[in-house]
Structure formats: C-alpha cells, structure tokens
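Written below as structure tokens is the structure these notes are about.
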Amino acid sequence: MPAESLKILLVEDNPGDARLFKEALKEAYASKFDLVHCSSLAQALDQLAKTPPDVIVVDLGLPDAFGIDAVQRTRANAPAVPVVVLTSRVDEALGTQALHAGAQDYLIKGELDPHLLSRALRYAIERHRMQAALQSESLMDELTKLYNRRGFMALAGSHLKLAERTRAGFALVFVDLDGLKQINDTLGHLEGDHALVEAAALLNGSVRQCDIVARLGGDEFVLLLTTAEKGSEDGIRHRLQEQLDVCNSQPGRRYSLSFSVGVVTAGFDRWPTLEDLLAEADALMYRQKQKQKGLA
C-alpha cells in the first residue's frame, strides 16, 4: 500500500455495518486511512465528482441502487477506481455476480476482520492497476488486439489467486486455429492474418466481459472463463462450435474456420498452477487435433 493515507469511499446505508467496517479499518491501518462515508449511491457519485478515492467499497443493498446496478453505476462514474462490494452471507451469490460486472472483490458483512479487509483492499488496488497496465502495447497482441502471452499470464495468474480465496470454479480453454498453414500457402499470409483476426473476434464474442482471451502466439489462443461448473467441458466446446457454425454459414466464404479445443476445469477441489493448467489443456487440444485427423 502507498505510504500516504489510503483514501476509501464507503457507500453503506446501515450505520451499524458502517461502524463495524470503520473499526476493522482502524485495526488494519491504524490511522493511515482517510474514510468518506456515504449512505446512498447518489451521495457517493457527488463525492466522486469532487475527489476520487483509492478504492470504493459499496453495499449491494442501497436505497437507490441494488445488486449489479450499484456496481455498474459506480464503475461508469469512476472507471479508474477499483470497486469492492459488501454483501450478506444470504446474498453471497450477488458478490460473485458483482465480479462479473467489474468489481475486483467482495466482502461478507459480519465476517470482516482486519487481515481479510486489508488483503481485499490491497488486492483490489493492485489488480486494477494491473488491468490498466495490460492496456499497454507490451501486453497486447498487435494483430488481434487480444492479450498476448505475457498479458494473459499476468491477469490469469491474478484471477487464480482470487478464485482460490473465493473457492470459485473456473475453466481454461486452449484453442488452436486449424489449417492456418494451408490458408497461408494457398491464399497468402495477408489472408492468414485475416483468419487470425476473425478467429480472435469469434472467441472474444463467445465469452463474457469478465473472461480473459489471449493469443499465445502463431495459431494458438487461450481463454480463461472466470466461472465454470464442474463437468462443463463438453458444454464449453459445444458453445464454441456453435459460434463457428454461425461464422462458417455466412455466404461467400472462401474457407471455413475450424478449432481444435482442449478444456480443463479447476477450483472445486484442486488448485493446479497456471502453467500446469496450460499444459493439460494443450495436451487435450492436441489429442482432439489428432483425432480429427484420424491419427488417434
């Protein structure tokens, strides 16, 4: 955390919950924090227009905003500030949905302790900064405008830490664009680049905003689906094939796109490293490619 006081905007309409939050802050940061408390989203948006904080902590049950609406409106008015949400144990599912809407983390009311609070706020700020850094050219693939390998490893590694803390299941999908060499050889490398861009757009359009899509290099892509059910591998492959079928049904195409896909899920009862997940998904992808060629 920075040496100067941490600037926190708390949006919470329950005085008791606000008091408990402040007490946890005092234990976590002593006097090195500056807390502004608003009891409605309207008040918070007025405050944001005056002085942007380092982090926003927003309740999901406000009198003028509920659930995902609170997150979306907060982020729309302060896109450069990380958001952490507060929710009850009964409405914990809302916390997970808030992550999909762009929140960096969520905290359960009544279960706040100084260590957990400090870690959540620190993580939110660091992850938000990392996402901003990923917009730089060094972490983006110039051709497809997806993340490159370096960008993927940084952001996906960060998500794995969050998934392990929240015990949330996720999936890693390794995708190989079939037949790129043939396209290059018969139609030229310019058309091959077009196929890569088209494949990237198809993959990016098949996932949610909270998912991570990257081109690892050459004809290889990877997706990290930030939520997934155990045993959902076939469903994920089927969803990608449906998108391919729609793309290939367009009139006037000179060739069809085809993917070889390997899918692994984790986060339920096993926590492999990102490198192990990539290797496992890559092996499954290669097995499917050999099967399609009739070699398996």
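The values are calculated or read from the model by the stated rules, or taken from the named source; none is laboratory data. Just so it is clear, the model here is predicted, and its values are computed rather than measured. As a convention, Cβ positions derive from the backbone with ideal geometry for all residues, glycine included, and neighbour counts pool all protein chains shown. With ligands, DNA and RNA removed, areas are computed over all heavy atoms of the protein, side chains included. Shrake-Rupley method; radii C 1.70, N 1.55, O 1.52, S 1.80 Å.
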Checklist line | Of residues in the stretch 265-276 being within 14 Å of residue 231 (Cβ to Cβ) and within 17 Å of the chain's Cα centre (by Cα), the one modelled with the lowest pLDDT | finding: 267
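A quick yes/no check of all residues on (1) within 24 Å of residue 279 (Cβ to Cβ); (2) open to solvent by 30 Å² or more (accessible area, probe 1.4 Å); (3) of a type in the set (S, T, N, Q); (4) modelled with pLDDT under 90:
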residue	(1), (2), (3), (4)
123	no, yes, no, yes
158	yes, no, yes, yes
162	yes, no, no, yes
170	yes, no, no, no
Item checked: Complete set of residues in the stretch 235-277 that are farther than 19 Å from residue 169 by Cα and in contact with a Gly (Cβ under 9 Å, 6 or more places away or on another chain) -> 243, 255, 256, 257, 258
Margin query: Which residue is surrounded by the fewest Cβ atoms within 10 Å (Cβ to Cβ), if the candidates are limited to the stretch 178-190 and must be more than 23 Å from residue 285 (Cα to Cα), without any contact (Cβ under 8 Å) to a residue 12 or more places away in the chain and of a type outside the set (Ser, Thr, Tyr)?
Written below: 190
Item checked: Segments classed as strands (runs of 3 or more DSSP E), wholly inside the stretch 1-73, with at least 1 members that are basic (Lys, Arg) -> 6-11
Checklist line | Filter result (farther than 20 Å from residue 74 by Cβ and of a type in the set (D, E, K, R)) within the stretch 23-47 | finding: 23, 26, 27, 32
Check: Can we say residue 168 is aliphatic (A, V, I, L, M), under 30 Å from residue 62 (Cβ atoms) and not in a helix (DSSP H, G or I)?
Finding: yes
Next item on the list: Scan the stretch 193-234 for residues that are touching a residue at least 60 places away in the same chain (Cβ under 8 Å), assigned to a helix (DSSP H, G or I) and open to solvent by less than 20 Å² (accessible area, probe 1.4 Å) and jot them down.
Entry: 195, 199
Next item on the list: Name the residue, out of 228, 200, that is within 20 Å of residue 149 (Cβ to Cβ) and among the hydrophobic types (A, V, I, L, M, F, W, C).
Entry: 200
Next item on the list: Among residues belonging to the stretch 45-55 that are in contact with a Lys or Arg (Cβ under 9 Å, 6 or more places away or on another chain) and surrounded by 15 or more Cβ atoms within 10 Å (Cβ to Cβ), point out the one that is farthest from residue 110 (Cα to Cα).
Entry: 45
